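What follows is one structure encoded as structure tokens, with my remarks underneath.
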Amino acid sequence: MNDGRLRVALTFDAEHPDRAWCPPGNVERILETLRETGVRATFFVQGRWAESQPAAARRIAADGHLVGHHSHYHARMPLLHDDGLREDILDAQAVIETATGNDPRPWFRCPFGAGADDERVLGVLNELGYRNVHWHIELEDWTATRTGPMITRDAIQGVLDHGDGAVVLLHTWPGGTGDAIGPMIAGLREAGAAFVSVDELDDLP
């Protein structure tokens, strides 16, 4: 922890859910909670998700959150050849800019974290003006058995264990995350945390 600070970046991957149990309207519920609590977060937006959910994508930017890039097809980036990487990244960039009005550069998050340590993938990202943003705290909120209280508890403990500059991985579609976000923010504030977006941190994973 630096100078007693406890800065926390809540980051959300906004993507097509790959589970059948995600509740409708979950991203809107998360955005409303963030608005009510005055928290600015970072959203890594998948291109195809922005195409299918333009109103939600637009609201992310309109509400003042930082917009990042989460690929177009949510493929594992190391499986794509260089031209495939460029095509996926640029196709999504155009869609994200159209949907949100914001240029997502330089913030990129590799789907599944695959490619975060791959020099070839990182080289193409750098060529296109991006840097990958990984995370410190993974809550496995994509698992159906992960309830709101579980996610809240583990987020608070993970931040306290990591200390200042913690980057938390969340997703916009799991119901447990929608349930957790309000209590999570309250609990972290009680612990002395201040919420930031990733562009406010110097040392990113």
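Annotations
- Highest-first arrangement of 123-129, 4-10, where packing means the average Cβ count within 10 Å: 4-10, 123-129
- Accessible surface of the chain [probe 1.4 Å, protein heavy atoms]: carbon and sulfur percent: 48 percent
- Alpha-carbon Rg with Dmax, taken over the stretch 1-77, Å: 13.9, 45
- Rg and Dmax of the chain, Cα atoms only, in Å: 16.0, 48
- Rolling a 1.4 Å probe over the protein heavy atoms gives the chain an accessible area of 43 Å² per residue.
- Sequence-distant residues sharing a close amide H with SER71 (under 5 Å, placed H): GLY47, ARG109
- Positive minus negative residues near GLY182 (Lys, Arg vs Asp, Glu; Cβ under 10 Å): -2
- Neighbourhood charge, 13 Å Cβ-Cβ cut-off, centred on GLU138 and excluding it, Lys, Arg +1 and Asp, Glu -1: -3
- Amide H partners (placed H, <5 Å) of ALA166, local residues excluded: ARG7, ALA9
- Between ASP118 and THR98, the modelled label-to-label distance comes to 2.6 nm, taking each label 7 Å out from Cα in the direction of the beta carbon.
- Scattering profile of the stretch 87-168 at q = 0.26 Å⁻¹ [log10 I(q)/I(0), Debye over alpha-carbon scatterers]: -1.13
- Only helices reaching 20 angstrom along their own axis (Cα) with mean Kyte-Doolittle hydropathy no lower than -1.0 count here, and for the DSSP H runs of the chain these are 82-100, 148-162, 175-190.
- Within-10-Å neighbourhood charge of GLN93 [Cβ basis; K, R +1; D, E -1]: -3
The values are calculated or read from the model by the stated rules, or taken from the named source; none is laboratory data. A quick note: this is a predicted structure, and the numbers were derived from the prediction, not measured. So basically every Cβ, Gly included, is an ideal-geometry build from the backbone, and we count neighbours across all protein chains shown. What goes into the accessible areas is simple: the full protein's heavy atoms, side chains included, and nothing from ligands, DNA or RNA. Shrake-Rupley method; radii C 1.70, N 1.55, O 1.52, S 1.80 Å.
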